[in-house]
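Quick notes on the structure that follows.
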Amino acid sequence: MQSLEEKRVFGEKTGKTVVLAATDIGVAAVSLAGEQVGQIELFAQCTARDVATSDEQVAVATDEDVLLHDGDDFEGTDFGPATAVRFSDGVLLAGAPDGTLARFDAGWTVIAKLDARINAISSNLVATDAGVCQVTTADCIEAGLTSVRDVSTDGTPHAATADGLYYLGNGWMDALSGDFSMVATAADGRAHAATADQFYAHNDEWEPVSLPVSGQVADVAYDAATYAATVDGTFLLDAGDGWRTYPLGLRDVHALCVL
């Protein structure tokens, strides 16, 4: 049964924004009113590796299973250990450390058995230790690069790899050199990327950003504002007038999304 706290966070959200963070001890819901953080609450206590939303659905990749919240409660889906989740045109996709890629519709249908760990999914692109794959209706085909940690397809597709940041043009084009752990892009042109010791933003060109806190940036998410979180648990918000910081009280952050 859905708790009162879940109804408040995952139900009617008029006048507030909720950002979800996947962490080693569960999914944290950060409720914001304007530029102010109201409450930070922990749901679905688990080792959460990724989190994704579509309409009122929330999917969480955990070390044991993919959890799905569809307006009532978080329920298991019998996927098994998962490293990545994403909704593509309303359809839930999930990836596993053993390379299994599947879509969910009342049950799981395997799309492909890849030969590498799946690290991230964005729309029809999949980031794996062996490179980028493109999801088709019945398969997943190789699409270049190696050691891909993250991929983002909103706006211009980008990939974060062990040897650099790339964007998709006439094939994969060099954007920055370095050992990149994450990349995030928005349809309006905003984009951010990170290595272990440097954070970047795209403003006509990629530039390093000085944040008011130290620590590796784990992920970035967007709506009207830009949200980020460091691996060691600082939540950041930029509504256009600079970064503000708030402690999550949780460490080992892996992913963010806006509910």
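Taking every protein chain into account, the accessible area of the chain amounts to 44 square angstrom per residue (probe 1.4 Å). Here the Karplus relation 6.51 cos²θ - 1.76 cosθ + 1.60, evaluated at θ = phi - 60°, turns the backbone of region 65-71 into coupling constants of 5, 9, 9, 10, 10, 10, x Hz, with x for every Gly and Pro. Remark: region 149-161, residue by residue, has Karplus-estimated 3J(HN,Hα) of 8, 7, 8, 9, 10, 5, x, 7, x, 10, 9, 9, 10 Hz, where x stands for each Gly or Pro and the curve is 6.51 cos²θ - 1.76 cosθ + 1.60 at θ = phi - 60°. Seen from all directions on average, the chain presents a Cα convex hull projection of 12.7 nm². Only helical runs count toward this figure. For the chain, summing -39,500 (n - 2.57) over DSSP H runs of n ≥ 4 and dividing by all residues gives -500 deg cm²/dmol at 222 nm.
Once neighbouring chains are kept in place and the probe is 1.4 Å, which whole percent of the accessible area of the chain is contributed by carbon and sulfur?
Here carbon and sulfur together make up 45 percent of the probe-accessible area.
Residues whose amide H falls under 5 Å from that of residue 150, counting only those 5 or more places apart or on a different chain, are 160, with hydrogens built in the peptide plane.
The values are calculated or read from the model by the stated rules, or taken from the named source; none is laboratory data. This is a predicted model, so every value here is computed, not measured. Just the protein is used for accessible areas: all its heavy atoms, side chains included, with ligands, DNA and RNA removed. Shrake-Rupley method; radii C 1.70, N 1.55, O 1.52, S 1.80 Å.
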